[in-house]
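One structure is given below, encoded as structure tokens.
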Amino acid sequence: AKDLGKNRYAFYKKELTDKAEYRFKIEQYLREAIENQQLSLVYQPKVDIQTGSIIGVEALSRWHHPVLGQVSPVDFIAMAEQIGMIKPLTEWVLKTACNQANLWKEAGFSSLIMAVNISPSHFLDSDLVPLITRVIKETGILPGELELEVTEGVIQTNPENLAVFEHLKQLGVLLSIDDFGVGYSSFASLKHLNVDYLKIDKYFIDDILLDHKAKLLVSSMIEMGHNLEHKITAEGIESKEQYIMLKGLGCDYAQGYFFSKPVSANDVSILLENQ
Ligand code: C2E
Ligand code: CA
Ligand code: CA
Ligand code: CA
């Protein structure tokens, strides 16, 4: 029994070491990918729910590694935060997305809104406002064509966070609360913040046809958001029935596989041409 215990420990230790090594390797790959700009962006259309026309897109990061394959952004964004690479990553995303927005504008697709996700830790960093200022200046995007999506989790109502929001508003960029409703501060944040959009989380949209409570919650969020002068976006719409229900509930914008998955810039151009 003693031997077994010892072996098991040895086995365990080896596994942990391998894990740590594996992790270290992936982190190294990610660092290189960010430094050498080996990430790419896909874009998911957002539509006006009443007219069905595309009003903008959300930029979503992709990392394809030759050995690891496709890595989920949920994993590599968290990793980038941990290894201190989130700032260069976000800067690359912002510039790439804004340059793409300019290309669409030059091609005649005017007044599209480009939405970029800002991770919580970066949002609270004093570097964010200067970064956004720089990106606007360098790319020439109109501030009103750039939307920043931030999850409500970061929105604590301390004065520093409020100041970041105020500065961003002064720049003229659009602000969106992502994954609205699933965090713990939804209502507290609404009391203090001057944001343009609330993005109702897919979690609620998933059950909207089956669960009467989910429907009531979404309906209430839309009404409350409108009373507070926010526009409402529903995310994760996968069926026509969900779309029709949300349209009936007075939701403003919609996003989801029913309209389009996140696709390449080229494929977005084709969608824009055909609408
Ligand atoms: P998110 O910001 O909530 O983005 C929505 C996610 O839901 C995306 O997954 C999108 O592809 C997926 N989605 C959209 N419509 C549907 C649908 O109808 N059905 C289903 N099943 N899924 C749908 P993705 O691209 O894997 O991104 C996951 C998360 O990773 C994002 O969640 C966001 O938090 C983060 N992320 C992605 N790119 C970036 C980035 O450049 N910067 C930061 N900070 N975070 C990013
Ligand atoms: Ca988002
Ligand atoms: Ca979301
Ligand atoms: Ca989400």
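A few notes on this one:
- Qualifying residue in region 263-273 (condition: away from ligand 2 (no atom under 16 Å from the Cβ), more than 21 Å from the chain's Cα centre (by Cα), of a type in the set (S, T, N, Q) and open to solvent by 70 Å² or more (accessible area, probe 1.4 Å)): no
- All positions within region 77-92 that are within 22 Å of residue 255 (Cβ to Cβ) and within 16 Å of ligand 4 (Cβ to nearest atom): 77
- Some residue of region 138-150 being within 18 Å of the chain's Cα centre (by Cα) and modelled with pLDDT under 95: yes
- Residue satisfying all of: in region 47-85; part of a helix (DSSP H, G or I) and over 14 Å from the mean Cα position of the chain (by Cα); surrounded by the most Cβ atoms within 10 Å (Cβ to Cβ) among these: 80
- Count of residues meeting criterion [closer than 22 Å to residue 144 by Cβ, more than 16 Å from ligand 4 (Cβ to nearest atom) and either free of Cβ contacts under 8 Å to residues at least 24 places away in the same chain or open to solvent by 10 Å² or more (accessible area, probe 1.4 Å) (or both)] in region 171-189: 3
- Check on residue 33, surrounded by 15 or more Cβ atoms within 10 Å (Cβ to Cβ), in a helix (DSSP H, G or I), modelled with pLDDT of 95 or more and more than 16 Å from ligand 4 (Cβ to nearest atom): no
- Residue that is most open to solvent (accessible area, probe 1.4 Å), among those in region 230-262 that are among the polar types (S, T, N, Q) and farther than 22 Å from residue 147 by Cβ: 239
- Residue that is in contact (Cβ under 8 Å) with a residue 12 or more places away in the chain and more than 14 Å from residue 54 (Cα to Cα), where the choices are 272, 249: 249
- Scoring residue 215 on the criteria (1) assigned to a helix (DSSP H, G or I); (2) open to solvent by 70 Å² or more (accessible area, probe 1.4 Å); (3) of a type in the set (Lys, Arg) leaves a single failure, condition (2).
The values are calculated or read from the model by the stated rules, or taken from the named source; none is laboratory data. Here the structure is a predicted model, which means the values were calculated and not measured. Note that we place each Cβ from the backbone using ideal geometry, even for glycine, and neighbour counts take in every protein chain shown. For the accessible areas, the whole protein counts, side chains as well, though only heavy atoms, and no ligand, DNA or RNA atoms are used. Shrake-Rupley method; radii C 1.70, N 1.55, O 1.52, S 1.80 Å.
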